[in-house]
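Here's the structure, in C-alpha cells; my notes come after.
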Amino acid sequence: MDKELRDTNRKYHAESAEIDAETLDRRRFILSLSGSFAALIAQGCGSRTKSEVETKTVLSTDDIIKNIPDEFNGAKIEKHSVEGATAVIIHVADLHNDPAAADPQKIRNASDLVQAENVAILEMLMDNCKTNVVFKEVVTKDNKFILRKRIAEIQALHQAVETCTDATQKEKLGGKFMEDIDELKYALGAAGFLAFQGKAQLEAAETTEGNSLTKEEQLDPAKKFDRRENIAINLALSNTESAAKIIVYGENHGFHQRIREWNEKHPGQKCAHIKITPAILHQWLRESGRFQENK
C-alpha cells in the first residue's frame, strides 16, 4: 500500500510547478484560511458524516451554477453556462507543471499553500453542490480501491493515536501518523486529505492506459493533454450520483475546448463548465504571465 502511495506521490510531483512560496502573500492566505494541514487535522476527522451527505437534495444544473459564488477566498472563478446542460463540470485547478529545475522545498512549501486553499474550495463545492464525490487526477480505476484502503489504514492509525493512553506508544504512533498524512497530502493533495477526514469520496479522473503516449503524442505532447481531458470528462459523466462533477486536475488543463467538442457531439448530454483557480496559484500564474482565461 505504501508503494502505491509513493508511486502516486512521484507522479503528482513530476507535474508540479516550481513556485517560490516567499513571493506569495502567505499572510493573507493564513488569515483567510487559518493555515496549514496540521491545523486542519486538529479540527478532527469526519465532521460531516457520509449519511449527512447522502440525504442532501439532488440539485439541477442551474441550481449548481447559482450555488457556486462568483468570489471565494480570492480564487479566480470562471463560469460558462450552457443552455440545456445536464451536468456541470467543475475543474478545481491544482499545482501542476514540469519541475525539471525545481527546488524541492519550494515546491513543497507552495504545494502546502495551494492544497490548503483547495481544501476550503472543495468543502465549499461539496456543501453547495450537495455531493461528496471528487474526481482526482492520478486516481485511476486500477488504483482507486488500493488508495481508499490506504486512506482507511491512516484513519485507523489516527484513531489509535487518539485513544492510546501510553505516552511513549502514543508518541511513536503519532510520529508514524504524521509521516503517513504527509505522504498522503503530497500524493493526493486536498482531495486526499478530505477523503481521510471522511468528507470526500475519491473517484478516478484518468486511466492507466491514458498515461501511455502514442507515437503521435510523442511528437505532440499536447495531444496527450486532450486525450486525458476527454477521459476525465467521460469518467465524470459516467458517474450518475450528481449533476455536479468536481474534478481536481492540474492548472495547465483547460477542459473548456474538450467540453465544447463534447457538447457538439452529444447535444442531449451537454455540460456547463466552471474553472476555479485558488488565489495563490492564480496570483503566481498572473505574475509569471502564464494565466489564460478560458474563452
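Please treat every number below as a calculation from the coordinates, not as lab data. None of the values given here were measured: they were computed from a predicted structure.
If you sort the three axes of the alpha carbon gyration tensor as a ≥ b ≥ c, you get a/c of 1.5 or more for the stretch 153-202 and a/b no higher than b/c, which makes it oblate.
Expressed as a fraction of 2.2 N^0.38 Å, the C-alpha radius of gyration for the stretch 84-233 is 1.21. Computed from backbone phi with θ = phi - 60° and the Karplus coefficients 6.51, -1.76 and 1.60, the 3J(HN,Hα) list for the stretch 158-174 is 4, 5, 5, 5, 5, 9, 5, 9, 8, 4, 5, 5, 4, 5, 5, 4, x Hz; x is used for glycine and proline.
For the set LYS136/LYS265; LYS149/LYS245; LYS106/LYS275; LYS176/LYS245, the pairs lying more than 28 angstrom apart at their alpha carbons are LYS176/LYS245.
Principal axis extents of the Cα atoms in the stretch 214-270, from largest to smallest and rounded to whole angstrom, are 37, 24, 17.
Using 0.36 nm per residue of separation minus the Cα-Cα distance, give me the extension gain between SER238 and ALA222 in nm, one decimal. That works out to 3.3 nm of additional length. Close amide-amide hydrogen proximity is noted between HIS91 and ILE247, ILE274, LYS275, ILE276, each under 5 Å apart and 5 or more residues distant or on a separate chain (H modeled in the peptide plane; Pro and chain starts excluded). Residues whose amide H lies under 5 Å from that of VAL139, counting only those 5 or more places away or on a different chain, are ALA205, GLU206; hydrogens are built 1.01 Å from N in the peptide plane.
How would you classify the stretch 174-295 from its alpha-carbon gyration tensor, with a ≥ b ≥ c the square roots of the eigenvalues: rounded for a/c under 1.5, else prolate if a/b is greater than b/c, otherwise oblate? It comes out prolate by the Cα gyration axes.
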